[in-house]
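One structure below.
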Protein chains: 2
Amino acid sequence: MPPAVQSATERGARTRARILDATAKVLNANGYAGTRLSDIASVAQLQTPAIYYYFPSRDDVIEAVVAAGHQSVIDHVAGALAKMSGASNLDKILAAVEAHLTFVLTESEYASASIRNLGHLPAEMRTRQVSRRRTYGQMWKDLFEAGQQAGEFDADVDIADARMLIIGALNWAPEWWDPGRGSLEKIVSEAKRFVRRGLAV
Amino acid sequence: MPPAVQSATERGARTRARILDATAKVLNANGYAGTRLSDIASVAQLQTPAIYYYFPSRDDVIEAVVAAGHQSVIDHVAGALAKMSGASNLDKILAAVEAHLTFVLTESEYASASIRNLGHLPAEMRTRQVSRRRTYGQMWKDLFEAGQQAGEFDADVDIADARMLIIGALNWAPEWWDPGRGSLEKIVSEAKRFVRRGLAV
């Protein structure tokens with residue numbers, strides 16, 4: 001591909017990425033209802049109509065961020081688990097807790113934007129995310145079932161409810177945590193301590 | 001007051017309550033962004049303009065539900081704690097876990113509507129709820145500090161982070177739990193088991 005064309009394509013890809021980055025920021029700050037194209041444009045340092053060159057509508061930009069956010073959590077946690085082969089299921093769960101929490105609190109505004117707005121998206125948009133949610137839920141479910149079968153857990157644990165309570169605690173963290181409350185290491189370590197004590201024999 | 005006047009006042013109060021009940025339902029189903037006055041009117045079996053007789057705007061109806069929802073959680077948990085005098089701080093925390101979870105999952109659509117939409121309300125509306133949030137946070141904080149001072153907790157517990165992780169797990173529950181997943185008793189019992197194991201010496 002001739003350099004000039006490539007450079008135009010690259011510039012387009014960079015602008016598109018800038019719009020998505022800006023949307024993740026605005027979604028985190030204002031929520032789905034309060035996310036206006038004019039705010040996105042202002043953060044991305046563009047004129048509002050320029051956004052329509054890349055996305056047909058406000059909801060299309062938002063859905064692109066939500067989808068990327070979901071997928072990035074899946075990839076990040078799967079990546080952390082891939083390094084844990086041979087570990088106990090409980091240790092894998094603790095690795096997933098650390099990966100999920102670290103990612104949504106500090107690494108990805110896409111991930112926190114998608115989690116925090118999950119219940120607030122239009123029904124059709126939510127429906128299109130169902131298979132991603134299932135994939136992620138299944139990763140956790142497999143670990144909990146294997147842990148129970150291996151006898152790693154307190155006999156009284158209800159693995160379905162325990163799993164959802166844990167994921168809920170992690171998903172709610174972006175609502176309250178900020179670096180001013182203490183280091184990321186501290187919250188991650190407390191979350192892992194709590195989960196270990198709550199689950200382990 | 002003459003009976004005729006009283007009856008008109010009562011009818012007004014009942015209609016106002018019906019609008020608020022409808023708003024709580026619609027907020028739970030559609031979120032802040034998707035809550036339209038026409039949906040509220042349809043659930044309340046009123047004509048949309050009739051709502052303006054009771055509330056100046058859509059945001060005023062929503063804020064009334066959010067404020068009532070917050071306050072009802074505070075009152076309900078405070079009521080449960082009032083019956084626990086003489087109990088350990090850990091047992092009081094478990095009573096608060098049970099009261100909060102039961103209330104948001106089955107007793108109050110106002111409470112779940114206010115929790116689920118917390119991060120999605122306009123900034124000014126959120127600011128006006130700050131003192132209620134502080135009151136509620138302080139109730140929990142007092143229990144955790146007293147429990148730590150009384151040596152009831154695992155020495156490694158970080159009481160600030162533990163408290164917020166627990167409240168997060170409870171607050172996220174309306175996002176996933178429904179009676180089809182199992183009884184309320186089962187989820188409440190797992191939440192209490194988890195918290196007891198996570199905190200206790």
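The values are calculated or read from the model by the stated rules, or taken from the named source; none is laboratory data. Please read all numbers here as calculations on a predicted model, not as lab measurements. Positions of Cβ are backbone-derived with ideal geometry, glycine not excepted, and every protein chain shown enters the neighbour counts.
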Residue count, the stretch A:138-157, condition facing another protein chain (nearest Cβ under 10 Å) and either crowded, with 17+ Cβ neighbours inside 10 Å or without any contact (Cβ under 8 Å) to a residue 12 or more places away in the chain (or both), comes to 2
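Quick grid of which residues meet (1) within 30 Å of residue A:26 (Cα to Cα); (2) at pLDDT 95 or above:
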| residue | (1), (2) |
| --- | --- |
| B:89 | no, yes |
| B:107 | no, no |
| B:113 | yes, no |
| B:122 | yes, no |
| B:132 | yes, no |
Residues (more than 13 Å from residue A:93 (Cα to Cα) and out of contact with any helix residue (DSSP H, G or I) (no Cβ under 7 Å at 6 or more places or on another chain)) located in the stretch A:139-152: A:149, A:151
Examine the stretch A:58-75 for a residue that is without any contact (Cβ under 8 Å) to a residue 12 or more places away in the chain, of a type in the set (D, E, K, R) and closer than 16 Å to residue A:132 by Cβ, and state whether such a residue exists. yes
Against the definition (more than 30 Å from residue B:151 (Cβ to Cβ), under 22 Å from the mean Cα position of the chain (by Cα) and among the charged types (D, E, K, R)), how does residue B:25 come out, yes or no? yes
By my count, helices (runs of 4 or more DSSP H) wholly in the stretch B:125-201 with at least 1 residues that are hydroxyl-bearing (Ser, Thr, Tyr) are B:130-149, B:184-199
Taking the options B:116, B:128, name whichever one is surrounded by fewer than 17 Cβ atoms within 10 Å (Cβ to Cβ) and out of contact with any strand residue (DSSP E or B) (no Cβ under 6 Å at 6 or more places or on another chain). B:128
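Does residue A:33 satisfy being hydrophobic (A, V, I, L, M, F, W, C), at pLDDT below 95 and over 19 Å from the mean Cα position of the chain (by Cα)? Reasoning before the result, please.
Numbers: hydrophobic (A, V, I, L, M, F, W, C): yes; at pLDDT below 95: yes; over 19 Å from the mean Cα position of the chain (by Cα): yes.
Judged against the criteria, residue A:33 is a match.
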Set B:173, B:191, B:160: member being touching a Lys or Arg at 6+ places or on another chain (Cβ under 9 Å), under 26 Å from residue A:161 (Cα atoms), within 13 Å of another protein chain (Cβ to nearest Cβ) and among the hydrophobic types (A, V, I, L, M, F, W, C): B:160
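Take the residues of the stretch B:41-59 that are more than 14 Å from chain A (Cβ to nearest Cβ) and touching a Leu at 6+ places or on another chain (Cβ under 8 Å): which is surrounded by the most Cβ atoms within 10 Å (Cβ to Cβ)?
Applying the filter and picking the extreme gives B:51.
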When restricted to A:88, A:38, the only residue of a type in the set (S, T, N, Q), surrounded by fewer than 16 Cβ atoms within 10 Å (Cβ to Cβ) and over 30 Å from residue A:187 (Cβ atoms) is A:38
Of the conditions (1) more than 14 Å from every other protein chain (Cβ to nearest Cβ); (2) buried (at least 19 other Cβ atoms within 10 Å of the Cβ); (3) not charged (D, E, K, R), residue B:105 fails just one. Which one is it? (1)
